[in-house]
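For reference, the structure discussed in these notes is given below.
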Amino acid sequence: MIKWISKICNVKTIGPTIPSNYLDKQMENDVDYGFNQHKPTDEDCINFLNTKPTNSVLYIAFGSVARLSVNQMVEIAEALIQSPTNFLWVVRENEGENFPSGLIDRMSDKGMVVSWGPQLEVLAHDSIGCFMSHCGWNSIIEALSFGVPILAMPQFLDQLVDAHFVDRVWGVGIIPTVDENNLVTRG
C-alpha cells in the first residue's frame, strides 16, 4: 500500500499502513509492506498456528532492535514452561546466546521458537489470543487492527508512551508489574 500511495500523491506515510488483504481486500495483491529486515519463517509459523485452537496462542515478539536481558528471557521461558498456554516466540538470531538452554526440549508441542516471523500474517491468524510486545508503534497498530490484546513490555523510547496508551488510555492490554531488578517475573 505504501508504494501505491506514493504513486498517487507526494506523501510520506508514518508507521504501517496495513495491507488491504488484511482489512478491506479492495486492493488486489496488497499483502505485505514490501520489505522485511529479516527472513521470515512463514510456512513453519503458519503450519504451527493452524494446529492450535482459536485464541489459544501467545505471540511473543520484541521487534527488530529491542534486546532482552538473559534474566528476562529466563523469566519468560520459565513462565511459558509452567503455563498451559500455546506460544510462538520470535527470538532473533543475534539474541540466541541469551536464549535459555534446554527450553526447546522442555516446551513439547505447545510452543515454537523462530528467528523471525511474518507478523501481519501471525497477528491476523485466528489462533492468536494475545501479543507480548515491546510496544513499537508498528506492532501496536498491527495488533489494534486485528483486535489482538497486548501484554505490553516496553524497552525504551516511544515504547514507554505506547505501552501507557495500550494499558491506561485505550484499555486494550496491560503492562505487567516489574520487580526491584526491573524484570517481569514468571509469576
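The values are calculated or read from the model by the stated rules, or taken from the named source; none is laboratory data. All figures in this text were calculated on a predicted structure; none of them were measured in a lab. Methodologically, a virtual Cβ is constructed for each residue, glycine included, from the backbone with ideal geometry; neighbour enumeration extends over all protein chains shown. Keep in mind that these areas ignore ligands, DNA and RNA; they rest on the heavy atoms of the full protein, side chains included. Shrake-Rupley method; radii C 1.70, N 1.55, O 1.52, S 1.80 Å.
Details
- Here region 128-187 is the region considered, the condition is being among the acidic types (D, E) and over 17 Å from G117 (Cβ atoms), and the residue that is least open to solvent (accessible area, probe 1.4 Å) is D162.
- Criterion (over 22 Å from C135 (Cβ atoms), among the aliphatic types (A, V, I, L, M) and in contact (Cβ under 8 Å) with a residue 24 or more places away in the chain) met by exactly one of I104, I81, I76: I81
- Among the residues of region 93-110, those that are of a type outside the set (A, V, I, L, M) and either farther than 17 Å from A61 by Cβ or not in a helix (DSSP H, G or I) (or both) comprise E97, F99, P100, S101, G102, D105, R106, S108, D109, K110.
- Filtered by the rule that a residue be among the hydroxyl-bearing types (S, T, Y) and open to solvent by less than 40 Å² (accessible area, probe 1.4 Å), region 66-112 gives a lone residue, S83.
- Within region 111-139, being in contact with a strand residue (DSSP E or B) (Cβ under 8 Å, 6 or more places away or on another chain), closer than 20 Å to K52 by Cβ and assigned to a helix (DSSP H, G or I) holds for Q119, V122, L123.
- Residue in region 143-156 that is assigned to a loop (DSSP other than H, G, I, E, B), modelled with pLDDT under 90 and either more than 11 Å from the chain's Cα centre (by Cα) or among the hydroxyl-bearing types (S, T, Y) (or both) present: yes
- Selection count where residues are under 27 Å from A124 (Cβ atoms), in a loop (DSSP other than H, G, I, E, B) and out of contact with any Leu (no Cβ under 7 Å at 6 or more places or on another chain), scope region 67-91: 5
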